[in-house]
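What follows draws every value from the coordinates through simple rules; no lab data is involved. Quick caveat: nothing in here was measured; it's all calculated off a predicted structure. Every residue, glycine as well, gets a Cβ built from its backbone with ideal geometry; the counts of neighbours run over all protein chains shown.
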Amino acid sequence: MRRIHVIGIGAGDPDQLTLQAVKALRDTEVFFILDKGEVKADLVRLRRDILGAHLPEGTYRTVEARDPERDRTAEGAGYSPAVGEWRSARAGVIERLIAEELGEDGTGAFLVWGDPSLYDSTLGVLEEILERGAVAFAYDVVPGISSVSSLAARHRTGLNRVARPVQITTGRRLAEGLPEGVDDVVVMLDAHQTFQRYADSGEDIDIYWGAYLGTPDEILASGPLAETAPRIVALRAEARARKGWIMDTYLLRRRRPGDDGGPGDDGTPGDKGGPGDECGPGSG
């Protein structure tokens, strides 16, 4: 039977691969890569760099296909159906690749940014393919270093504080309000920079932000949200204009009376040099 590895490859740095991930790479004959177009050609190059860093040339092959476009204009009640249609279209492409490019006893792999369990569709897509019943395969999952873990590490802070919860959410959900009873909120997939809504709220909130984490283009910024939000907006706009795309993640930390210290209340600074500093491209 065909076998598929779903390998978490971290946020972009080849050094972030785990030993388990490297073993899975070496066990793979065919790597399937979905191309998101000219603008995001960097993402394909980064995957190829990772393979080149860990595998001898000629021991594997890559197969590329164009990733279906998703309707990004869908909002409100139309958002979930639009995502569902895109995932089904993606399942059709991947089903064809597995059937046509992988032998009956072959081993293939998908390289997933960060960790496959966190805001990634690959596992759901593979389950949909298996439910269709046209192609049979077994698959396993290799965890990776997520952008969330990388963000916290680069800012030298924890995600949660003593006896307090942390919540991971999306910009779309953050637009509905800061979650009740949670003062540490990690936000992903925020194309609209929703953090700006809370910059003038009067609440004592710190932000830890990072873009292109783990890559040579990495950018970091942190500090009180009211002061730091405009700088992040400017950094983000410049980076997006330069590269044509952006991947960023941030932590909002709401401070209560009696909290000790600044960002990272274990006494560590928010990033190199402390809260409010920023590191530009190449700082990784």
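Working note: Karplus 6.51/-1.76/1.60 with θ = phi - 60° gives the range 139-145 the couplings 9, 10, 10, 10, x, x, 7 Hz, where Gly and Pro are set to x.
Ordered by the count of other Cβ atoms within 10 Å of each Cβ, fewest first, 19, 51 give 19, 51. Considering only beta bridges that DSSP places wholly inside the range 2-142, some 5 percent are antiparallel.
Here the range 119-133 is scanned for amide nitrogen atoms under 19 Å from the site 7 Å beyond the Cα of residue 104 along Cα-to-Cβ, giving 133. Using 0.36 nm per residue and subtracting the Cα-Cα separation, the extra length available between residue 201 and residue 96 on full extension is 32.8 nm. Rounded to the nearest 0.05, the FRET efficiency derived from the C-beta distance between residue 136 and residue 163 at R0 = 51 Å is 0.60.
Mark the label point 7 Å from the Cα of residue 70 along Cα→Cβ and return the residues of the range 161-197 whose backbone N is within less than 12 Å of it. Those under the cut-off are 171-172, 189-191. Fully extending the segment from residue 53 to residue 123 would add 22.6 nm, taking 0.36 nm per residue of separation and subtracting the current Cα-Cα distance. Put a plus charge on the Cβ of each Lys and Arg, a minus charge on the Cβ of each Asp and Glu, and nothing anywhere else: the dipole of the range 2-142 about its Cα centre is then about 80 debye.
By definition, a body whose alpha carbon gyration tensor gives a ≥ b ≥ c is prolate when a/c is 1.5 or more and a/b is larger than b/c, and the chain fits this prolate description.
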